[in-house]
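The values are calculated or read from the model by the stated rules, or taken from the named source; none is laboratory data. What you see is a predicted model; the values in this text were computed from it and never measured. Glycine gets a Cβ as well: all are built from the backbone with ideal geometry, and neighbour counts include every protein chain shown.
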């Protein structure tokens, strides 16, 4: 954890409500960090549905392997989730797999739950085995500290999962028309963080949602939120978003898309995922600008996302934004390298409200001064129409500054 | 041009020989830069064969469009090549296309050559039209300065095509068994340079090589050299490599692969291309380390190249190398995100001569101290075996430092 909070951080941690069916504990286990909490446990009511999405890396961490396995083999229910920060338990071979199953076993035994209903996540340095003795010594203390959820518990949980994060990330939403909520916490300083497990999200609802539908809802929400952010194009070994539906508030299961509560639940879930995802970008390593990139006129929505990410990942675009330099030639370059259909001679570009180009040429009316005024703010909007179709997409990213180099060339935690 | 020369620069510009059939001129035309040469012209003997490879961007510059068009439509011969630095003539619409054809027309008229045998390249800022009056005023002076090639002329040419380059780039090789040479100049501070046309290469041989075979030879050489380097993953609008074979030294055309001179010519061409490509990496913006990444055990050579580039493009790997931090977990991360087959539990990693891991786990024998000793040098070698097949590839890159941010967040030229 850094001492300096990102200049793009929200003013305060949100006033998150308790969630029926979720009890929380955090503990300073000293697995790697000293003097701070590094373990998080949530115990879930019996019958809680679970859904998950995981990193696409070919070198996933042991906890990702564990979660995929129990999610695929199980009945779609979960009883707990455990997360440690400081050690990703990635690239640790059989020792890593053993440490993951030991963690689930220890928690399960103490609570009387099947270990294969216990979900795991780890975030931190890659390649170092988790110490078995520490797990045996510290996990019981974690279980002993269990308490009901509520704003202080949520904040402690969001703290305990941090690595290079400069602030704790939480978001919640009530579900219109249902006396239920969606509550989530996340960690990450972008899609990446140094050596780190990177992006983790744990989301809870007290609405009863059947597992298959819950997975559909989560996949849809992640596609529009966590999968639309980038800090520096590096993908971690451990990205994990888990969604748990305890169903404690309401008896009547939500199990098909025609249920009147479905749109309100999806909207609340989308809102929480997008809020958490944008908080991750706001904590992007070294970030001084929060940047929204919208691409329209692409061959498809997917093509628009690829082009928007090419712009958002480009080191040249990101350094220009850091410098508040309306260097739009770099945007043209990034569109060109994206490999998706784009009509150079129809390209239209906007920097904030200022239109730079139309039909592949700079406009006579374009004012670099007006574009620069927009860039001096800490929220930047770039829009490009590529002139070939109706596909569109928006992604969120940050600028690339000396701070990024300082953090990543100077830090191993 | 920066005042500070890259710490990875060669000791001196090579002692490049005159090349029969090539006459050179350079001129300070003031098209953008003041007080330095920014125009380069090479006049080529009648019957000179030409081959070219160009940027894969979907937003190519006007000179790239021009070269592609005359290369496709023509008879494979060229009479001149003209390059300006400071203005890429990219994203300039019809005005840009007009400026390109005017340039060829002015040079052709003065020399009595068909304008469609005159090849063009431009490098510099994107989106600003080239000034027609300046072209009409300065290009005749460029033609007037023509002189035979030779070390001073080559050096002046390599100077005139620079933008953010910190040193002039040249390389040459004799062709074994033939009284002929391959001589080349290039510019670029990586695959990218800020706002820039980026990578240009002009290569000449006095061996007579038939155009189709010349194109095959160039494509093969570029695949193993210019297409195996990366500074920051950004691809320019104007990347161009042109190869001219004047045939002035030898009467007997090289026109099939069974010619005994073919392997020697290809070897000389490969050597010149690789030397120039590596010089571009050595001038990578902000670079303090020259980095070779070799991937073996991939599903194919192409897959190995993708994985090697994922490592070489990763901001986290590059910042770790800048910090001389043997943070090999980031290499695992990059292999995982590359999207090519890799067997996590067979992964073997070397940093210089030090083997870090085997079978997906760090070795007991691994010494971070020994790895760090290797990283303190200015030439770093990383090797990864991904354990699935026989594919292999090597790419070259540089580290990512504060210098990169300084150059790209502070500079528009």
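Remarks
- Residue count, the range A:386-413 (criterion: more than 12 Å from chain B (Cβ to nearest Cβ) and surrounded by fewer than 21 Cβ atoms within 10 Å (Cβ to Cβ)): 4
- The sole residue among A:115, A:149 that is in contact (Cβ under 8 Å) with a residue 12 or more places away in the chain, in contact with a strand residue (DSSP E or B) (Cβ under 6 Å, 6 or more places away or on another chain), farther than 30 Å from residue B:356 by Cα and surrounded by fewer than 24 Cβ atoms within 10 Å (Cβ to Cβ) is A:149.
- The number of residues in the range B:315-341 being facing chain A (nearest Cβ under 7 Å) and touching a strand residue (DSSP E or B) at 6+ places or on another chain (Cβ under 7 Å) comes to 3.
Results for (1) under 23 Å from residue B:280 (Cα atoms); (2) without any contact (Cβ under 8 Å) to a residue 24 or more places away in the chain, shown as yes or no for each residue.
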position	(1), (2)
B:29	no, no
B:39	yes, no
B:52	yes, no
B:60	yes, no
B:65	no, no
B:68	no, yes
B:79	no, no
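- The criterion of at least 3 residues that are buried (at least 16 other Cβ atoms within 10 Å of the Cβ), in contact with a helix residue (DSSP H, G or I) (Cβ under 8 Å, 6 or more places away or on another chain) and at pLDDT 90 or above is met, among strands (runs of 3 or more DSSP E) falling completely within the range A:1-108, by A:22-27, A:39-44, A:80-87.
- With respect to being in the same structural domain as residue B:250 (by TED's automatic domain parsing), crowded, with 19+ Cβ neighbours inside 10 Å, in contact (Cβ under 8 Å) with a residue 12 or more places away in the chain and assigned to a strand (DSSP E or B), residue B:186 fits the description.
- Selection count, the range A:154-170, where residues are at pLDDT below 85 and either within 27 Å of residue A:264 (Cβ to Cβ) or touching a strand residue (DSSP E or B) at 6+ places or on another chain (Cβ under 7 Å) (or both): 2
- Here is the figure for the range B:243-258: residues that are part of a loop (DSSP other than H, G, I, E, B) and touching a residue at least 24 places away in the same chain (Cβ under 8 Å) total 11.
- Test result for residue B:159, part of a loop (DSSP other than H, G, I, E, B) and more than 30 Å from residue A:364 (Cβ to Cβ): no
- Boolean, residue B:173 is at pLDDT 85 or above and over 19 Å from residue B:35 (Cα atoms): yes
- Condition broken by residue A:57, with the remaining ones in (1) at positive phi; (2) within 14 Å of chain B (Cβ to nearest Cβ) satisfied: (1)
- All told, residue A:46 falls short of being more than 20 Å from residue A:116 (Cα to Cα), without any contact (Cβ under 8 Å) to a residue 40 or more places away in the chain and more than 19 Å from the chain's Cα centre (by Cα).
- Some residue of the range B:292-303 being in contact (Cβ under 8 Å) with a residue 40 or more places away in the chain, away from chain A (no Cβ under 14 Å) and part of a helix (DSSP H, G or I): yes
- The range B:342-362, residues that are within 11 Å of another protein chain (Cβ to nearest Cβ) and surrounded by fewer than 16 Cβ atoms within 10 Å (Cβ to Cβ): B:345, B:346, B:359
- Meets criteria (at pLDDT 85 or above and within 14 Å of chain A (Cβ to nearest Cβ)) for residue B:308: no
- Test result for residue A:270, more than 17 Å from residue A:187 (Cβ to Cβ), within 14 Å of chain B (Cβ to nearest Cβ) and touching a residue at least 12 places away in the same chain (Cβ under 8 Å): no
- Residue match in the range B:273-286 (condition: in contact with a helix residue (DSSP H, G or I) (Cβ under 6 Å, 6 or more places away or on another chain), more than 14 Å from chain A (Cβ to nearest Cβ), under 28 Å from residue B:100 (Cα atoms) and assigned to a helix (DSSP H, G or I)): yes
- Filter pass, residue A:331 being outside the structural domain of residue A:224 (by TED's automatic domain parsing), surrounded by 21 or more Cβ atoms within 10 Å (Cβ to Cβ) and at pLDDT below 95: yes
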